[in-house]
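In what follows, a structure is listed as structure tokens, so that the remarks can point back to it.
Throughout, read-outs are computed from the coordinates displayed, never taken from laboratory work. Quick caveat: nothing in here was measured; it's all calculated off a predicted structure. Neighbour counts are summed over all protein chains in view; Cβ atoms, including those assigned to glycine, are modelled from backbone coordinates with ideal geometry.
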Amino acid sequence: MNGPSPRFGSVDPAMQEFLTLLGVDVTYVRAEENTLTMLADTGEEIPVIDYAGGYGALVLGHNHPEVVATVQSFLTARSPILAQASRQPAAEGVITRLNGVIHREFGTDEAYHGVFSNSGAESVEVALKHAEFDRQLTIRELLAEVEGHIGEARAAAARGAALPAQDADAGIEALIARITEVNTSVAARPPLFLALEGSFHGKLVGSAQLTHNADYRTPFAAMAGAARFVPFDEPERITKIAEEERAVLLDLRVDADRIRVVEREFPVIAAFFLEVIQGEGGIREVTAEAARTIRQACTAIGCPVVVDEIQSGMGRTGAFFASSAIGLLPDYITLAKGLGGGVAKTALTLVSGARHRHEFDLVHTSTFAKDGLSLAVTHTVLDVLEAADGAAYRRAAERGERLKELFGTLLADHPGVLRETRGRGLMLGLEFRDLSDAPAPRLAEAARSGLLGYLLSGYLLRTHRIRTFPTASAVNTLRFEPSIYLTDAEISALESALRDVCAKLGAQDEAAFFGPEKAA
């Protein structure tokens, strides 16, 4: 144990120390749309423009009036929040409405079933569990087929059917024993999951193994199914990985008077997971061409595609599903964050009818999933997003284009400081150049320590009252995920702030970021 133990415990002490170091250890007392109200040490209340947006959860902003009214009405009516093991018409309604959106955006008539949970990471865990459940049932079905064929071969051998040459002397029972031994070993093989390099799918036991950042993954690697990571710009590597991991079961076939040993493909890879716009990986977009390659490769090996829309979904990118813009129809879709309207903690895993296993509903349940209050909020969120023929999606696209134009201008004006802007709609990233070799020693040290993005975030908050953070696995990239109600004035404030940051970085003015007393 490090350091003396306090008399009473504390909440996230290491995180609190980190926030204090960065100068963002502030208290917020109110929130509305894109504004958080910060309480200063003097008691003064200071407005802060929130570009972090609850890490993507606040597509409708803080305390949206229709969402708040729904919560108030629900509680005033004393409606049941927890009534497990009963009919849930509100849950069915959500699934029906989302199927309508899927059919509209993807041009399919595939029916999707829903499994509710409580957080984004849990919705990923549901997909992991369901994919493995499906794999196990498939293995069971394969082994049952093999057993049936073994019985047919045993009967054929009794009638005098010829065995393979290498098994002729040992006899049919020895052949069956050899096949059974091989199949028992192969069938015990654990699942393998695939994900893209740079991915972030959560920090729970299973989802952490799909998160590419080794700091989050490796301490818990022994606790869950393994993953292999596909290079972001080389989706064709899926096929090569499948070949490297290939395994087969042995089966018997009777052809006239001859018994043959044949191979049956064994499902090693349980699922491929991806974010079509990586959040913590630096706001990187999967292209339509890459999506086609992924779909073709996964279909060829019988592997379902799980699209994580936890951060990119719910209208943030100009459509309800970001994957619809690149034509990638998922087998599974995970949703959370914006699903709760910035108020409820709720999540959902959608499973295509072609993949869904009805038995799963009986082996996976959750006490707080699809609670009445969260469902009411989700219906209101869908009302707001779908109103006026999807005006919210159009506004997300328009506001996003306005921000992207701003970032493009900044890139042109400060090429020595800024490297690239990425993303779509209101899920954008602005990458700063690596300053590891900067003349200013403290700036260089911050960059080498992976703290540059956090340093810039602290400066933006303290000096310009703008709140944002870097992406967790690409810390030179600042994220910008405001609500659809972003105003021109808020964009202008961001422009002034970023121009100031770029100017000071260009001048190597480390005193501005650390304070004169800490400057070298």
Exercise. Determine, for HIS212, HIS130, HIS62, the number of other Cβ atoms within 10 Å of each Cβ, and report the residues in order from fewest to most.
Key: HIS212, HIS62, HIS130
Self-check item: Extension gain from GLU152 to VAL262, taking 0.36 nm per residue of separation minus the Cα-Cα distance
Solution: 38.2 nm
Quiz item: Given the pairs LYS203/LYS345; LYS129/LYS203; LYS129/LYS337; LYS203/LYS337; LYS203/LYS240, which are separated by over 19 angstrom at their Cα positions?
Solution: LYS129/LYS337; LYS203/LYS240
Exercise. Pull up the DSSP beta bridges for the chain and report the antiparallel fraction as a percent, rounded to 5.
Key: 70
Quiz item: With the contact rule set at Cα under 8 Å and sequence spacing of 6 or more, what percent relative contact order holds for the range 1-113?
Solution: 13
Self-check item: chymotrypsin sites (Phe, Trp or Tyr not before Pro) within the range 1-105, DSSP loop, no more than 10 other Cβ atoms inside 10 Å
Solution: PHE8
Exercise. Per DSSP H run of at least 4 residues, take -39500 (n - 2.57); add these up for the chain, divide by its residues and hand me the 222 nm value, nearest 500 deg cm²/dmol.
Key: -13500 deg cm²/dmol
Quiz item: In whole percent, what relative contact order does the chain give with Cα contacts below 8 Å and a gap of six or more residues?
Solution: 20
Exercise. Report the calculated FRET efficiency for ALA162 and GLU289 (r = Cβ-Cβ distance, R0 = 45 Å), to the nearest 0.05.
Key: 0.30
Self-check item: Spin-label pair VAL24/PHE106, simplified geometry with 7 Å Cα→Cβ offset, distance in nm
Solution: 3.4
Quiz item: In percent, what relative contact order does the range 247-357 have, based on Cα pairs under 8 Å that are 6 or more apart in sequence?
Solution: 19
Self-check item: Sorted by Cβ neighbour density within 10 Å, fewest at the top, the residues ARG399, ARG189, ARG295
Solution: ARG189, ARG295, ARG399
Quiz prompt | Cβ-isolated cysteines (cut-off 4.7 Å), the chain | solution = CYS502
Quiz item: Helix hunt in the chain: which complete DSSP H runs extend at least 24 Å axially by C-alpha with mean Kyte-Doolittle at least -0.5?
Solution: 89-106, 120-158, 372-413, 488-506
Self-check item: GLU420 versus GLU44: modelled label distance in nm, points set 7 Å from Cα along the beta carbon direction
Solution: 4.1
Quiz item: What residues qualify as long-range amide H neighbours of ALA162, i.e. H under 5 Å apart, gap of 5 or more or another chain, H built at 1.01 Å from N?
Solution: ARG258, ILE259
Quiz item: Cα to Cα, under 18 Å, and not fewer than 8 places away if on the same chain: which lysines meet these conditions relative to LYS504?
Solution: LYS518
